[in-house]
Structures are given as C-alpha cells and as structure tokens.
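Reviewing the structure listed below.
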Amino acid sequence: MSTSELMTLFSLLSPLVLVLGVITGLWFYNRLSPKYRWMLAYLGCALLIDILSRYWGLISSKQNNLVFLSVSGLIDLVFVAGLYNFYYLPKGQRWLLYPAAAIFMLVVCNLLFFGNLFSAANTFQSYDKLICNMVIVVYTLFCFMELLRHRRKEHREMMRINSSILVFFAVDILISMAANFLINESLTLVVYFWVLRLLLLTGMYLILIYTIWQSGKNPKHLQFG
Amino acid sequence: MAEWQKPETLAIWLSIGVGFVLLLITSMIIFTRFYIQRMLREEQERAQLKLDYQKDLLNDSVRVQERERNRIAADLHDGLISRLNVLLLAMHTPQHTEVAPPVLLKESIGVARRISHDLSPPLLEETDLAELISDFVMPLKAAFSVEIDLRQEKPPVIHSETKLQIFRIVQEVISNIIKHAQAKRISIYLRLSENRISIRIQDDGIGFDEKKSSGLGHKNIELRIQLLKGSCRFRSAPQKGTSFLMHLNNY
C-alpha cells in the first residue's frame, strides 16, 4: 500500500468521528441546551463539508477540493464566534463579534470576487483560512483571560474545549501558511504534518463529542460544567 | 535552488515552528490549569474558614443564651424572690418588720417590671430607636456624663426585629462600658436615614487591647450584626478609651 493510499484511508478517521458525533448529538438532541446544539450543528456542517470535499475531489476537472479548505475556515470562524460570544465570554466582550464579522465578510468577498475559487493546486494559497484561524486563536486567548480573571461554574468544560480549539487552530495557522508547500511537495516528506493536523482535528472533534455526550447524559450536571 | 528553499529545509523549519507552538500552548494550558486549581483551592479554604466561623458563632450564641438565662435567673432570685420572701415574712410577723408590706409589694412590682422591660422593651413597635436608646441610658446619667447626638432626616421606619437587635447591640456595648471601661463619659451618635443606620458609641475609659478581645459580649455583638447583615468595629487601645462603630445599609 502506497503512502497516498494509506493517507487516504487514514483520512477517513475524521468523517467517522464526525458521524459518531452527529449520531450522539441527535440521540440526545432533546436534552441538549442551545450551546450543545450549536456544537452539534458545527459537527454536522464539518461532516457535510468533508463529504462534499471528497465528492468534489472525485468529480472536479481540476482534481482538487482546495476551495473547501477556505469554506471550512469560514464555518470554523462562525462556530467559534458564536460559541465564545454567546456562551463563554462575558457580555462586555461581545464587541469581538464585530471584528469577527468584518473578517468573515472580507474572506467571503475575497473568495467570491478576488480569489479564484477553483484555482490549480500549484498556485493555491490559503491566506483566508490563515486569517480565520488567527481570529479563532484570539478568541481562545480571550477565553483564557476570562478563565483566569473570573471563577466560572463551567470552567472545566471551557478549559477542555478552549484548549483543544487553541491547539488545533494555532498549529493550523502554521500549516495554512505553508499550505502551498504542503500540498505540492512529495507526500512522503509532508505526510507527518497532515497526520498531525488530522490527529489534532480529530481530537478537537472528540472533545466536542464528549462534551455533548456529557450534557446529554446528565443535562443538570453539564449546566455547571 | 538556495539551501533554504529546499523542501527538506522548509520541512525542518516547519517542524520546529509547530513544535514550538505546541510547547508554548501546552505550557499556557498547564499554567492556566494550575492557576484555576489554586483559585478553587483558595475558594474552598475561604468557604471552610467561613463555615468554621459560623460554627463558632453558633456555639457562642448558645453560650450567650445560657448567660442570659443565668442573668435572668439571678435577677429573679436576688431581686424579686428575696423581696417576696421578705414580704411573706412581713405578712406573717407584721409587728417585727421595719418596712410595711405595701412598700415591699410596690418594690417587688418595680423589680418585676424592670426584669420584664429588660427581656422585651415595652411598646417596641410604637417606640422609635432613638427613644429606646434614650430611655435605656436615662438612668445612667446619675453615674456618667452621657451625651446623645441624634441626627435623622425623618424618623425612618425600622422593622421591630431589626430595632430590637440594634437596641440589644447598644445595650451590650453600654453594659460592657459600665462593667469594664471605668469610664466617666459616654457619647452616643446616631445617624438615621431611609437606607442607612450608623451608630457610634465612645467612652473615655481604660480601653482594651483589640487583638486580645474575644469575650462573649463581643461575640454576641458580632452575632447580631451578622444577623442584620451589617458591619461593625471596635477601636481601642489601653488607656485611650473605646469607640464602637456600626453601619447597617438597606435594612
């Protein structure tokens, strides 16, 4: 089995975990508060993007699905902005929503009007994803500040989710910066970076699933983290 | 191709970057986790201290109750019962008594009334706080130079229970002055407004060491202040008199 085939097989880990997450969320759906339903919606969107990107990769004449990297960046941004602004950060920090919305509009405009949506792999740059990741990392830093400044009842949950989001998106910033290199270089050289990214992403999904499961299993308990 | 442009070099630098970021973030997460744990531990310790303090106060309240019972028992025994015994004796042997039974009876009624007033101030609902305190310190004017300075915008409506607790605090402070301070002058300042009560009681007595004071009287005052959700403090030093200050907001 070649590295490429092995990697393709290994990449199925992420959609499998997402399917597990969506099933878990739907199973407990009636017991979930809006916060956990928001997490479930994110997992659902991520699964949809994953399936669409694989399908697009098969049928596209360019033989690449890189546009979905930018789209997933936008979905990540919307998820994190919603989660942090409405559930984790205090009302006094709602102003963060404005720069996040501005970045969102900027990236959408860039995708629609300035960037070539379906560019060839050798000229692809994922600066829009990079910017989205940076905004997400800023959110996580604000969340850490909130955790250090105030005693929060749900501090365990916040700590868990915030850490997983920070780890994944901080590493993803570096990977987005080197996206062109990582896409076009020999897979045997860059496979470790993609594996690391996949593991961190799967870890983040698993933590979200665990949180949803905890909430569904014991809704009263999760109300306090 | 320059050395730095080689894919292997780029991959190495990227690995270093990713490793550094992961290290930085891991340290940050560990630091935050330790900080939160410490915060929780301190909070727990504070809660435990508060619980211990509450337990102490509860113990003290029981002791205060017992002391009050003893005092009342002593008042009844030494004041009322002894007078009633003399009255009984006087009624059986009227020819040998120096004081006539009606006089003894009148004295006994007086003592009973004093004990009764001491247990519960008369007309508590109708009497305002300033009057209650004035009535209490009136008899002291023979032995002390008592000065009362009252300032109130209009007589505030104070719930009877609150009024009684404040009155008991004032009673305790003044009793302590009488018993221990060897004072000649007592000043009472009252500031009453719709949402704040401030009382200051000063004397020119021998004072006490604030650090060593933990008598039952003080505990009793603390207990009542806590019940009222107010605040109080004593300021004193040996030979420099004592000043007691209490505040009660939104009573």
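None of B:Asp75, B:Asp118 is assigned to a helix (DSSP H, G or I) and either in contact with a helix residue (DSSP H, G or I) (Cβ under 7 Å, 6 or more places away or on another chain) or more than 30 Å from B:Asn220 (Cα to Cα) (or both) except B:Asp75. If only one of B:Gln95, B:Gln65, B:Gln44 is farther than 30 Å from A:Ala178 by Cβ and within 14 Å of another protein chain (Cβ to nearest Cβ), which one is it? Unique residue meeting the criteria: B:Gln44. In segment B:1-21, the residues that are more than 7 Å from chain A (Cβ to nearest Cβ) never reach a residue that is assigned to a loop (DSSP other than H, G, I, E, B) and aliphatic (A, V, I, L, M) with C-beta atoms less than 7 angstrom apart, at least six apart or across chains. Being touching a residue at least 24 places away in the same chain (Cβ under 8 Å), crowded, with 19+ Cβ neighbours inside 10 Å and not charged (D, E, K, R) is a property that A:Ile212 has. Here B:Pro156, B:Pro121 are screened, and the one residue that is modelled with pLDDT under 80 and crowded, with 17+ Cβ neighbours inside 10 Å is B:Pro121.
Going by the structure shown, is A:Trp194 hydrophobic (A, V, I, L, M, F, W, C) and touching a Leu at 6+ places or on another chain (Cβ under 8 Å)?
So A:Trp194 passes the test.
Filtering segment B:134-142 for residues that are basic (Lys, Arg), surrounded by 14 or more Cβ atoms within 10 Å (Cβ to Cβ) and under 24 Å from B:Ile186 (Cβ atoms) leaves an empty set. Among the candidates A:Ser53, A:Ser72, A:Ser4, A:Ser33, the residue that is touching a residue at least 24 places away in the same chain (Cβ under 8 Å) and surrounded by 14 or more Cβ atoms within 10 Å (Cβ to Cβ) is uniquely A:Ser72.
Are any of the residues in segment B:169-181 part of a loop (DSSP other than H, G, I, E, B) and either loosely packed, with under 13 Cβ neighbours inside 10 Å or acidic (Asp, Glu) (or both)? No, there is no match, as no residue in segment B:169-181 is part of a loop (DSSP other than H, G, I, E, B) and either loosely packed, with under 13 Cβ neighbours inside 10 Å or acidic (Asp, Glu) (or both). Residues of segment A:186-208 that are within 11 Å of chain B (Cβ to nearest Cβ) and over 14 Å from the mean Cα position of the chain (by Cα): A:Ser186, A:Thr188, A:Leu189, A:Val190, A:Val191, A:Tyr192, A:Phe193, A:Leu196.
Here is a yes/no grid of residues against (1) modelled with pLDDT under 85; (2) among the charged types (D, E, K, R); (3) closer than 30 Å to A:Arg197 by Cβ; (4) not assigned by TED's automatic domain parsing to the domain that holds B:Gln165:
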{"position": "B:Leu14", "(1), (2), (3), (4)": "no, no, yes, yes"}
{"position": "B:Ser27", "(1), (2), (3), (4)": "no, no, yes, yes"}
{"position": "B:Arg33", "(1), (2), (3), (4)": "no, yes, yes, yes"}
{"position": "B:Asp52", "(1), (2), (3), (4)": "no, yes, no, yes"}
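Tally up the residues in segment B:1-59 that are under 22 Å from A:Ile161 (Cβ atoms) and not polar (S, T, N, Q), please. The total comes to 17. Could you say whether any residue in segment B:183-193 is touching a Gly at 6+ places or on another chain (Cβ under 8 Å), more than 15 Å from B:Arg224 (Cβ to Cβ), of a type outside the set (D, E, K, R) and not in a strand (DSSP E or B)? The answer is yes; a qualifying residue exists. If I filter segment A:130-137 for residues that are closer than 21 Å to A:Asn110 by Cα and in contact (Cβ under 8 Å) with a residue 60 or more places away in the chain, do I get at least one hit? Yes, some residue in segment A:130-137 is closer than 21 Å to A:Asn110 by Cα and in contact (Cβ under 8 Å) with a residue 60 or more places away in the chain.
For (1) outside the structural domain of B:Val173 (by TED's automatic domain parsing); (2) farther than 30 Å from B:Ile81 by Cβ; (3) free of Cβ contacts under 8 Å to residues at least 40 places away in the same chain, each residue gets a yes or a no:
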| residue | (1), (2), (3) |
| --- | --- |
| B:Glu131 | no, yes, yes |
| B:Ser134 | no, yes, yes |
| B:Pro139 | no, no, yes |
| B:Ser145 | no, yes, no |
| B:Val157 | no, yes, yes |
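A single member of B:Leu192, B:Leu245, B:Leu223 is surrounded by 16 or more Cβ atoms within 10 Å (Cβ to Cβ) and under 25 Å from B:Gln54 (Cα atoms), and it is B:Leu223.
Scanning segment A:164-185 for residues that are facing chain B (nearest Cβ under 7 Å) and free of Cβ contacts under 8 Å to residues at least 24 places away in the same chain yields A:Leu174, A:Ala178, A:Phe181, A:Glu185. Checked against the criteria, B:Leu104 counts as farther than 30 Å from B:Ile166 by Cα and in a helix (DSSP H, G or I).
Number of residues in segment A:144-159 that are closer than 22 Å to A:Leu206 by Cβ, within 10 Å of another protein chain (Cβ to nearest Cβ) and surrounded by fewer than 19 Cβ atoms within 10 Å (Cβ to Cβ) equals 1.
The values are calculated or read from the model by the stated rules, or taken from the named source; none is laboratory data. Computed from a predicted structure; not experimentally measured. Positions of Cβ are generated from backbone atoms using ideal geometry, with glycine treated the same way; all protein chains shown enter the neighbour counts.
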